[in-house]
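Data first, discussion second: the structure below is written as structure tokens.
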């Protein structure tokens, strides 16, 4: 079976991917948010698996992750919440989480469960690409899972080439060296970095994340990439406005 992530990149458009923490704002909101996002014409969804020590995440995502854990969210509960999601959802679903809770659950069991419920890929920020390539690639591919890697302004060209060689799905281009968080615009240094990565002509599609918060930042980022990921701005929005008005947020991002 073909991976849905590949299908998403065949569309003649810039992809919009939305990240949220599973179990936030309330424990049982996960499947409702996924359904509302697909109805709002989002191209891909990243479901955050909450963890007590999220090193790459800024205050907004850390807070939502912490709230989800207090709500009782766990790996087992997430799988239970989305066990029938593929009866309704067609777009790619990615789980973004850290290695520790995945290892605690059992990495073989985790990958098998992802395949059963219809997860297309994983983003594990603290899993180095060489460790993945040597130890886990076979397991992930056995269960039809792509694993996406992050690059930053500090990632060397040699490592970016290696990531490109190993990667399937897309490369997650972190817009700055800082943690996640919504910004109102990008500075010249970031634009130069976007331009540099574009000029490398990588074989794998590139999606930019960290700092996308509105139509302006989405438009700027996607001039240089295949799409963009929004997390903190979306989480802030649903905290303030509730999950019923998700469509309004997406419309504003796409300027529809």
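Just one of the listed residues (37, 49) is in contact with a strand residue (DSSP E or B) (Cβ under 7 Å, 6 or more places away or on another chain), at pLDDT 95 or above and surrounded by 17 or more Cβ atoms within 10 Å (Cβ to Cβ), namely 37.
I'd like the full set of residues that are in a helix (DSSP H, G or I) and modelled with pLDDT of 95 or more, limited to the range 83-101.
First, the residues of the range 83-101 that are in a helix (DSSP H, G or I): 85-87, 99-101.
Across the range 83-101, the qualifying residues are 85, 86, 87.
Of the helices (runs of 4 or more DSSP H) entirely within the range 153-240, those holding at least 2 residues that are modelled with pLDDT of 90 or more, over 20 Å from the mean Cα position of the chain (by Cα) and farther than 21 Å from residue 19 by Cβ occupy 157-166, 188-199.
What number of residues in the range 111-148 are in contact with a strand residue (DSSP E or B) (Cβ under 8 Å, 6 or more places away or on another chain), part of a helix (DSSP H, G or I) and within 15 Å of residue 78 (Cβ to Cβ)?
Narrowing the range 111-148 to residues in contact with a strand residue (DSSP E or B) (Cβ under 8 Å, 6 or more places away or on another chain): 114, 118-125, 127, 132, 136-137, 140, 145-148.
When the remaining residues are screened for being part of a helix (DSSP H, G or I), the result is 114, 132, 136-137, 140.
Filter once more, so that each one left must be within 15 Å of residue 78 (Cβ to Cβ): 114.
Of the residues in that region, 1 qualify.
Taking the criterion of being in contact with a strand residue (DSSP E or B) (Cβ under 7 Å, 6 or more places away or on another chain) and either under 17 Å from residue 150 (Cα atoms) or surrounded by fewer than 20 Cβ atoms within 10 Å (Cβ to Cβ) (or both), the residues of the range 213-228 that qualify are 221, 222, 225, 226, 227, 228. Being touching a strand residue (DSSP E or B) at 6+ places or on another chain (Cβ under 6 Å), outside any strand (DSSP E or B) and closer than 14 Å to residue 238 by Cα is the filter here; which residues of the range 12-32 pass it? The answer is 22, and nothing else.
Quick one: is residue 231 touching a helix residue (DSSP H, G or I) at 6+ places or on another chain (Cβ under 8 Å), at positive phi and surrounded by 17 or more Cβ atoms within 10 Å (Cβ to Cβ)? It is false that residue 231 is touching a helix residue (DSSP H, G or I) at 6+ places or on another chain (Cβ under 8 Å), at positive phi and surrounded by 17 or more Cβ atoms within 10 Å (Cβ to Cβ).
The values are calculated or read from the model by the stated rules, or taken from the named source; none is laboratory data. Keep in mind the model is a prediction, meaning the values are calculated, not measured. Cβ atoms come from the backbone with ideal geometry, glycine included; neighbour counts cover every protein chain shown.
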